1. Enumerate the calculated ³J(HN,Hα) couplings along segment 403-418 in order (Karplus 6.51 cos²θ - 1.76 cosθ + 1.60, θ = phi - 60°), each rounded to whole Hz, writing x wherever the residue is Gly or Pro.
2. Nothing charged except the Cβ atoms of Lys and Arg (+1) and of Asp and Glu (-1): what's the magnitude of the dipole of segment 409-515 about its Cα centre? Round to the nearest 20 debye.
3. For HIS504, HIS442, write out the residues from largest to smallest accessible area, computed with a 1.4 angstrom probe and no ligands counted.
4. Once the dipole of segment 384-516 is set up with Lys and Arg at +1 and Asp and Glu at -1 on Cβ about the Cα centre, which of ALA439, GLY490, ASN410 lies farthest towards its positive end?
5. Working only with C-alpha atoms, what are the Rg and Dmax values of segment 94-231, expressed in angstrom?
6. Please name whichever of ILE109, GLN425, MET215 sits farthest to the positive end of the charge dipole of the chain, dipole taken about the Cα centre and charges placed at Cβ: Lys and Arg +1, Asp and Glu -1.
7. So which cysteines in the chain don't have a second cysteine's C-beta under 4.7 Å from them?
8. Report, ordered by chain and residue number, the lysines lying within cross-link reach of LYS226, taken as a straight Cα distance under 19 Å and ignoring same-chain residues fewer than 8 apart.
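The values are calculated or read from the model by the stated rules, or taken from the named source; none is laboratory data. In this text, all values refer to a predicted model and were calculated from it rather than measured experimentally. No Cβ is skipped: glycine too gets one built from the backbone with ideal geometry, and neighbour counts run over all protein chains shown. Keep in mind that these areas ignore ligands, DNA and RNA; they rest on the heavy atoms of the full protein, side chains included. Shrake-Rupley method; radii C 1.70, N 1.55, O 1.52, S 1.80 Å.
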Amino acid sequence: MYKVLWQSDTTESAATDVLAGMDQAIEDGVDLMSLSLGFRETPFFDNVIALGAFAATEQGIFVSCSAGNNGDAYTISNGAPWITTVGASTFDRGYAALATVRGEGNDTIEVLGLSFYAESILIFHDPFYYGKGNTSKEICSSNWLDASEVAGKILFCSFISGESDAFTQMNEANRTGAKAVILASDIGHLFVPDNYYFPTVMLGLKDGEKVKDFMTKTVNTTVDIKFKITVSDQKPAPQVAYFSSRGPYRITPGLLKPDVVAPGVNVLAAWMPNRVAAVARSVYLVSDYSLVSGTSMSSPHVVGVAALLRAVHPDWSVAAIRSALMTTACTTDNTHGPILDMYNGIARTPLDYGSGHIDPNRAMDPGLIYDIGVQDYIDFVCSLNYTQKQVRIITRRSNYTCTTSNFDINYPSFMVILYNNVSSQTFKRVLTNVQDSPAVYHAMVEAQIGMNVTVEPQALSFGPKGSTQAFTLRVDVDLGGMRPNSGYIGNYGHLSWIDKEHKHVVRSPIVSAFAL
């Protein structure tokens, strides 16, 4: 671990410190780097992370970087082709509290709600308060509740679309001296652990109606609440985090970024023991661990998996590791549906999640890889219309040669940048067999209406391990009169190379989008 940022840093001093840290890591002989930070995106010759990562790649060091937390299209950070750019996703672990509501007699209901409240407090047969009959009290509007009625009780706040505010409800519970609050909300999935400063159980709308109906029909209700429950196998997961930066990448929009997504929401992360890790009412808690969200959490996941891949395949290049991660990534969730957006539940595209969510076990045995050498990266830089001086800043050599100025680098994804009503692009790629035996692969293309994809040849026959085969892929996109800023978000599809036994599926995203 290298400390490269200080609170007193300016942008210039921070950039200098980051580059110095990367240089020191290279000198120390590290095998992999993860950078959970980023600067304003500038051309590669003026981007310290891109410069440091190029030098690291020359030494065979795998570099993974956070894609950024801006959440919108065209906001990717750290998108150089020699960097593995990582967006954030959810995963199937969550945190909850269980509420058991009791009425007179033996009537009970149980509901499980979201909660990150950090303390275990005893709530057993506590009186349950609901301001039924007064809409403002039912939804716990600000300053509507009477502390003399609520204090020491468990408060329930119902939901009315357009009027309920979970933050207001939690604050109102705190103001009136409630012991805890159970509320219904449609934004519970967007709350972060820091929001749970007060003992809160946040129900979905269906369970909220269930409790509301129970409270309306019964009297003298009491409630038990058990906090600090870990829930596994949550569905659907993974989802794209609402804050995760999306493509296209402004600096080189013809290169699809992010490359992959990895867990980045409510990750149990090592934490500074002298900093606040959580708040419980007015008590500030410290811990060696904290639940943290951001693409800063995602990049370390990828570099950790890359470390495992390097241990299994010590002869693999940096590009081979990235290719294995990308071509084996998942594009469906644990309900076998498309990966959704955490914010609105809409199906997302490779502009949001790149090649998909990483799958470490499958990445160990990808079948084929798209390999890239340092000279290929130099040829890519030569295609960017940089001056000789600017190219030398990146390559750090005065005698560099551009053997072929080539933007179409041997990358495991395909990005078509659109300029007119109809756009066509042809890609050339080379695949390398990393199996121990010869193999034959057949191409399978999935594409949306308006995108026509052809592959030549349709089958590739590989010799022993290390043998290569080339193919071309042509993409024709019919925009039907669409223009930039017209709401077009890109057609997409996938190219999969599948071996005869269906043991290996080498999948690459194909995406079209406008550049800005």
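1. 4, 8, 5, 9, 6, 7, 6, 6, 9, x, 9, 10, 10, 9, 8, 9
2. Values: 8 positive and 7 negative charges, 36 e Å.
My answer is approximately 180 debye.
3. Working: HIS504 5, HIS442 95 Å².
Ranked list, largest accessible area first: HIS442, HIS504.
4. The Cα lying farthest towards the positive end belongs to ASN410.
5. Calculated on Cα positions, Rg and Dmax stand at 13.3, 38 Å.
6. GLN425
7. CYS65, CYS330
8. LYS153, LYS179, LYS210
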